[in-house]
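Colleague: Would you mind keeping the following structure in view while I ask a few things?
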Amino acid sequence: MIDLQKICRSFMVGDQRVSALQDIDLHIAAGDYVSIMGPSGSGKSTLLNLIGLLDRPSSGIYKLDGGDVTALDDAQQARVRSEKIGFVFQSFHLVPRLTAAMNIELPMILAGVPPAERKQRVADLVANYGLEDRADHRPDQLSGGQRQRVAIARATSMHPAVLLADEPTGNLDQTTGKEVIDLLEVLLEQKVTLIMVTHDPALGARAQRQLHMVDGRMTDE
Amino acid sequence: MRFIDVMHFASGSLRGSRSRTLLMILAMSIGVAAVVVLTGLGEGARRYVVNQFSSLGTNLVIVLPGRTETAGVGPGMLLGQIPRELSLDDAQELLRSRAIARIAPLTIGSSQLSQGALNREVVVLGSTAELLPVRHMKMAQGQFLPAGDIHDSASVCVLGSKIKTELFGKNQAVGEWVRLGERRFRVIGVMASQGESMGFNTDEIVTIPVASAHMLFNTSGLFRILIEAKSRDTIEAAKRDAEAIIVRRHHGEQDVTVITQDAVLATFDRILSALTFAVGGIAAISLSVAGILIMNVMLIAVSQRVKEIGLLKALGAPALQIRALFFAEAVLLSTIGCIVGLVIGEAGVLLIAKLYPSLPVVAPWWAVLAAIGTSLGTGISFSVWPARRAARLDPVTALAGR
């Protein structure tokens, strides 16, 4: 499913070259549940951004579903993101002026899904995530847990094959955090590949595969 | 992404920041309204002058005694010397031209007018029955000067409406006698009130037959000969014929000036059209200032919504789509601003028309089109750069809000 070969990513900070990722080789099969752990600055978010096609590697090859996606131009990468990848962020990233239902609908609007189908899928997702009485509320009228449920509903609205979660519980208390993780793990039953960045060892331990990173390198599994 | 969704999304983000949107619409609409109102005023001034001229008569050609190279008054006229005066026979001879429909000779002077104990100084116009149709004048009561021999010095007069009120009040004037200088005249008609036209107030004039005026002022020359050409196309022919006829009668000497109303009118028309263009251009500058404002505010909007743009990219929006979203916002803003501006502008024009009914203010169609074009054009072209900037944002840094 996901195949990274000798991936490097470096940034220029001032006139110094800083390596965020060094020679990452990684293979993730479809339906895997992977957690990436490590201290801050170890490059785990950079890796997640690369997998999510938000960032390009400085060198190396990234194959998604067997195709080399590093060679794609911006528009083609956007299309891959739209069809295959869902994001769940630490700070939710909901559009403040849109209601919960409209936030869930957003990826389908961008992809040009016909309105009737959109409405149906939004209704299903709202019901699935227990947001029936919150659908017409704006994000600032929702609790943290509800916001993250909206964000997960939005991430799954296009039925992505890969779900990338960057510290999904980072802004939540323990109970709601656990609820959110439960919701994400339910998606594994639908053969979604779940990749989660976290620095909470207890959370990371729930994944079948645990990757540890230090200073831009994979240390062990 | 569907077109309707693009517009929906853009209008949603405009509603999201209400005061910003309202201010931009205000700036845009003031610009558009300024173009509409100012060009409306310019066009109104032009039409006012054109109307004033055509109220003097249509297809007019005017013969003046004396040769003046410029449009000013020649030195001879100031000294009371005219090379050779225009006579009544000169005027009658003009009717031989096929291009000329009617002529009205004019003699002008001032005299003491009295009736009973009342008297006042009046301008006396000597002319013929033809003056009425040539000058498009109307009667209130009675008749105008009788048609007949041009040399017949009948003792009849026609009063201007103001003079009639001054002398007779509400009483019947037609049939009464008045005294002009040493001679008694019978009132046979009263002119309808027409107000001032080109600085010449017909309400305060007494009209008598031209031969009577010559006797009254002891002259034989004419002040002007008004010629009405048969149609618009024969104005030039009438002018040529008039010149030729007078030159022949004056022994080959060209000592008259013949002007056409059209030539004077065309000059005014050109000047006032240029004025309207200039004023419209100044107003268009305020429109482009509004365009720069839109660019400025769109740039601020882009930096305020960096996170949203990052999110849209993460959700699979290609750069082109993000550009289209911001572009649609600018198009919506300028369209709404333009419509509001047109409404305000037209309302302003209506208001001016109500306050000054004599001024025919109408925004010309080209100015309305130009206002629409400039507002949409500036709004859209000034949004290209902010939209590009939004589309080029790096998604990772944008999501981090940096």
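The values are calculated or read from the model by the stated rules, or taken from the named source; none is laboratory data. Since the model is a prediction, treat every value here as computed from it, not as a measurement. So basically every Cβ, Gly included, is an ideal-geometry build from the backbone, and we count neighbours across all protein chains shown. These accessible areas exclude ligands, DNA and RNA; they are computed on the full protein's heavy atoms, side chains included. Shrake-Rupley method; radii C 1.70, N 1.55, O 1.52, S 1.80 Å.
Colleague: Of the numbered conditions (1) at pLDDT below 85; (2) open to solvent by 10 Å² or more (accessible area, probe 1.4 Å), B:Ala367 fails exactly one; give the number of that condition.
Modeller: So the condition that B:Ala367 fails would be (2).
Colleague: When you look at A:Ile109, is it without any contact (Cβ under 8 Å) to a residue 12 or more places away in the chain, crowded, with 17+ Cβ neighbours inside 10 Å and within 10 Å of chain B (Cβ to nearest Cβ), yes or no?
Modeller: Numbers: without any contact (Cβ under 8 Å) to a residue 12 or more places away in the chain: yes; crowded, with 17+ Cβ neighbours inside 10 Å: yes; within 10 Å of chain B (Cβ to nearest Cβ): yes.
So A:Ile109 fits the description; yes.
Colleague: So, one more: For residues in segment A:125-136 being outside any helix (DSSP H, G or I) and surrounded by fewer than 16 Cβ atoms within 10 Å (Cβ to Cβ), which is farthest from the other protein chains (Cβ to nearest Cβ)? Before you say what the answer is, go through the steps one by one.
Modeller: Going residue by residue through segment A:125-136, those that are outside any helix (DSSP H, G or I) are A:129-131, A:135-136.
From the residues that got through so far, the ones that are surrounded by fewer than 16 Cβ atoms within 10 Å (Cβ to Cβ) too are A:130, A:136.
On the way: A:Gly130: 23, A:Asp136: 15 Å.
Selected residue: A:Gly130.
Colleague: Can you find even one residue in segment B:19-38 that is within 14 Å of chain A (Cβ to nearest Cβ), in contact (Cβ under 8 Å) with a residue 12 or more places away in the chain and over 30 Å from the mean Cα position of the chain (by Cα)?
Modeller: Checked segment B:19-38: at least one residue is within 14 Å of chain A (Cβ to nearest Cβ), in contact (Cβ under 8 Å) with a residue 12 or more places away in the chain and over 30 Å from the mean Cα position of the chain (by Cα).
Colleague: Residues in segment A:133-143: is at least one of a type outside the set (D, E, K, R), in contact (Cβ under 8 Å) with a residue 40 or more places away in the chain and farther than 13 Å from A:Leu94 by Cβ?
Modeller: Checked segment A:133-143: no residue is of a type outside the set (D, E, K, R), in contact (Cβ under 8 Å) with a residue 40 or more places away in the chain and farther than 13 Å from A:Leu94 by Cβ.
Colleague: Identify, by number, the condition in (1) within 14 Å of another protein chain (Cβ to nearest Cβ); (2) touching an Asp or Glu at 6+ places or on another chain (Cβ under 9 Å); (3) in contact (Cβ under 8 Å) with a residue 40 or more places away in the chain that B:Val362 doesn't meet.
Modeller: With respect to (1) within 14 Å of another protein chain (Cβ to nearest Cβ); (2) touching an Asp or Glu at 6+ places or on another chain (Cβ under 9 Å); (3) in contact (Cβ under 8 Å) with a residue 40 or more places away in the chain, B:Val362 is out only on (1).
Colleague: Name the residue that is farthest from B:Arg47 (Cα to Cα), counting only residues in segment B:265-283 that are surrounded by 16 or more Cβ atoms within 10 Å (Cβ to Cβ) and of a type in the set (Val, Ile, Thr).
Modeller: B:Val279
Colleague: Looking at A:Leu54, is it surrounded by fewer than 18 Cβ atoms within 10 Å (Cβ to Cβ), under 24 Å from B:Met1 (Cα atoms), of a type outside the set (Phe, Trp, Tyr) and touching a Leu at 6+ places or on another chain (Cβ under 9 Å)? Can you show your working first?
Modeller: Values: surrounded by fewer than 18 Cβ atoms within 10 Å (Cβ to Cβ): no; under 24 Å from B:Met1 (Cα atoms): yes; of a type outside the set (Phe, Trp, Tyr): yes; touching a Leu at 6+ places or on another chain (Cβ under 9 Å): yes.
No; evaluated as a whole, the condition is false for this residue.
Colleague: I've got another one for you. Given the conditions (1) open to solvent by 60 Å² or more (accessible area, probe 1.4 Å); (2) free of Cβ contacts under 8 Å to residues at least 60 places away in the same chain; (3) not hydrophobic (A, V, I, L, M, F, W, C), report the number of the one that A:Ser10 does not fulfil.
Modeller: (1)
Colleague: What about A:Ser35, is it touching a helix residue (DSSP H, G or I) at 6+ places or on another chain (Cβ under 7 Å) and of a type in the set (Ser, Thr, Tyr)?
Modeller: Details: touching a helix residue (DSSP H, G or I) at 6+ places or on another chain (Cβ under 7 Å): yes; of a type in the set (Ser, Thr, Tyr): yes.
For A:Ser35, the condition - touching a helix residue (DSSP H, G or I) at 6+ places or on another chain (Cβ under 7 Å) and of a type in the set (Ser, Thr, Tyr) - is met.
Colleague: With (1) farther than 23 Å from A:Glu179 by Cβ; (2) within 13 Å of chain B (Cβ to nearest Cβ) as the list, and A:Gln90 as the residue in question, which single condition is left unmet?
Modeller: Just one mismatch for A:Gln90, condition (1).
Colleague: Does segment A:78-98 contain at least one residue that is touching a helix residue (DSSP H, G or I) at 6+ places or on another chain (Cβ under 8 Å), free of Cβ contacts under 8 Å to residues at least 12 places away in the same chain and open to solvent by 20 Å² or more (accessible area, probe 1.4 Å)?
Modeller: no
Colleague: Next question, about the same structure. If only one of B:Val368, B:Val384, B:Val361, B:Val349 is in the same structural domain as B:Leu312 (by TED's automatic domain parsing), out of contact with any helix residue (DSSP H, G or I) (no Cβ under 7 Å at 6 or more places or on another chain) and among the β-branched types (Val, Ile, Thr), which one is it? Don't jump to the end; show me each part of the working.
Modeller: Numbers: B:Val368 fails: out of contact with any helix residue (DSSP H, G or I) (no Cβ under 7 Å at 6 or more places or on another chain); B:Val361 fails: out of contact with any helix residue (DSSP H, G or I) (no Cβ under 7 Å at 6 or more places or on another chain); B:Val349 fails: out of contact with any helix residue (DSSP H, G or I) (no Cβ under 7 Å at 6 or more places or on another chain).
Exactly one of B:Val368, B:Val384, B:Val361, B:Val349 is in the same structural domain as B:Leu312 (by TED's automatic domain parsing), out of contact with any helix residue (DSSP H, G or I) (no Cβ under 7 Å at 6 or more places or on another chain) and among the β-branched types (Val, Ile, Thr), namely B:Val384.
Colleague: Residue check, A:Gln190 against (1) away from chain B (no Cβ under 13 Å); (2) touching a helix residue (DSSP H, G or I) at 6+ places or on another chain (Cβ under 9 Å); (3) farther than 20 Å from A:Asp32 by Cα; (4) of a type outside the set (A, V, I, L, M, F, W, C), all met but one. Which one?
Modeller: Every listed condition holds for A:Gln190 apart from (3).
Colleague: Still on this structure, please answer the following. Which one of these is in a helix (DSSP H, G or I), surrounded by fewer than 16 Cβ atoms within 10 Å (Cβ to Cβ) and touching a residue at least 24 places away in the same chain (Cβ under 8 Å): B:Ile309, B:Ile292? If you could, list the steps in order and put the result at the bottom.
Modeller: Numbers: B:Ile309 fails: surrounded by fewer than 16 Cβ atoms within 10 Å (Cβ to Cβ).
The conditions single out B:Ile292.
Colleague: Could you please find all residues in segment A:112-124 being more than 10 Å from chain B (Cβ to nearest Cβ) and open to solvent by 20 Å² or more (accessible area, probe 1.4 Å)?
Modeller: We begin by selecting, within segment A:112-124, every residue more than 10 Å from chain B (Cβ to nearest Cβ); these are A:116-117, A:119-124.
Result: A:Ala116, A:Glu117, A:Lys119, A:Gln120, A:Arg121, A:Ala123, A:Asp124.
Colleague: Sort out which residues of segment B:1-18 are within 11 Å of another protein chain (Cβ to nearest Cβ) and among the aliphatic types (A, V, I, L, M), and write them in order of number.
Modeller: B:Met1, B:Ile4, B:Val6, B:Leu14
Colleague: Of all residues in segment A:30-60 being of a type in the set (Ser, Thr, Tyr) and within 13 Å of another protein chain (Cβ to nearest Cβ), which is farthest from the chain's Cα centre (by Cα)? Step through it out loud before you land on a result.
Modeller: Restricting attention to segment A:30-60, the residues satisfying the condition of being of a type in the set (Ser, Thr, Tyr) are A:33, A:35, A:40, A:42, A:45-46, A:58-59.
Now drop any that are not within 13 Å of another protein chain (Cβ to nearest Cβ), which leaves A:45-46.
Values: A:Ser45: 10, A:Thr46: 12 Å.
Looking at the filtered set, the residue picked out is A:Thr46.
Colleague: Would a scan of segment B:346-367 turn up a residue that is assigned to a helix (DSSP H, G or I) and within 30 Å of A:Ile152 (Cβ to Cβ)? Step through it out loud before you land on a result.
Modeller: Our first condition is that a residue be assigned to a helix (DSSP H, G or I); within segment B:346-367, this holds for B:346-355, B:365-367.
Next, from what is left, pick out any that are within 30 Å of A:Ile152 (Cβ to Cβ): none.
Looking through segment B:346-367, none of the residues is assigned to a helix (DSSP H, G or I) and within 30 Å of A:Ile152 (Cβ to Cβ).
Colleague: For segment B:312-333, which residues satisfy the criterion of being closer than 18 Å to B:Thr397 by Cβ, open to solvent by less than 10 Å² (accessible area, probe 1.4 Å) and in contact with a Phe, Trp or Tyr (Cβ under 9 Å, 6 or more places away or on another chain)?
Modeller: The one that is closer than 18 Å to B:Thr397 by Cβ, open to solvent by less than 10 Å² (accessible area, probe 1.4 Å) and in contact with a Phe, Trp or Tyr (Cβ under 9 Å, 6 or more places away or on another chain): B:Ala314.
Colleague: Looking at B:Val331, B:Val340, B:Val297, which is the one that is modelled with pLDDT of 90 or more, assigned to a helix (DSSP H, G or I) and of a type in the set (Val, Ile, Thr)? Can you show your working first?
Modeller: Values: B:Val331 fails: modelled with pLDDT of 90 or more; B:Val297 fails: modelled with pLDDT of 90 or more.
The match here is B:Val340.
Colleague: Can you name the residue in segment A:185-204 that is of a type in the set (A, V, I, L, M, F, W, C), in contact (Cβ under 8 Å) with a residue 12 or more places away in the chain and closer than 22 Å to A:Ser42 by Cβ and, of all such residues, is surrounded by the fewest Cβ atoms within 10 Å (Cβ to Cβ)? Let's see the steps before the verdict.
Modeller: Within segment A:185-204, the first condition is being of a type in the set (A, V, I, L, M, F, W, C), and the residues that meet it are A:186-188, A:192, A:194-197, A:202-203.
If we keep only those that are in contact (Cβ under 8 Å) with a residue 12 or more places away in the chain too, we end up with A:187-188, A:192, A:194-197, A:203.
Among the residues that remain, those that are also closer than 22 Å to A:Ser42 by Cβ are: A:194-197, A:203.
On the way: A:Leu194: 22, A:Ile195: 24, A:Met196: 26, A:Val197: 25, A:Leu203: 18.
Of everything passing the filter in segment A:185-204, A:Leu203 is surrounded by the fewest Cβ atoms within 10 Å (Cβ to Cβ).
Colleague: Something else now. Across segment B:217-239, which residue is most open to solvent (accessible area, probe 1.4 Å) among those that are free of Cβ contacts under 8 Å to residues at least 40 places away in the same chain and more than 30 Å from B:Gln112 (Cβ to Cβ)?
Modeller: At the first step, the residues of segment B:217-239 found to be free of Cβ contacts under 8 Å to residues at least 40 places away in the same chain are B:218, B:233, B:236.
Now drop any that are not more than 30 Å from B:Gln112 (Cβ to Cβ), which leaves B:233, B:236.
Numbers: B:Asp233: 139, B:Glu236: 98 Å².
The qualifying residue most open to solvent (accessible area, probe 1.4 Å) is B:Asp233.
Colleague: Against the definition (in contact (Cβ under 8 Å) with a residue 40 or more places away in the chain, under 28 Å from B:Leu332 (Cα atoms), in a helix (DSSP H, G or I) and open to solvent by 40 Å² or more (accessible area, probe 1.4 Å)), how does B:Ser286 come out, yes or no?
Modeller: Working: in contact (Cβ under 8 Å) with a residue 40 or more places away in the chain: yes; under 28 Å from B:Leu332 (Cα atoms): yes; in a helix (DSSP H, G or I): yes; open to solvent by 40 Å² or more (accessible area, probe 1.4 Å): yes.
Yes.
Colleague: Here are some conditions: (1) closer than 22 Å to A:Leu21 by Cβ; (2) β-branched (Val, Ile, Thr); (3) within 10 Å of chain B (Cβ to nearest Cβ). A:Val95 meets all but one. Which one does it not meet?
Modeller: (1)
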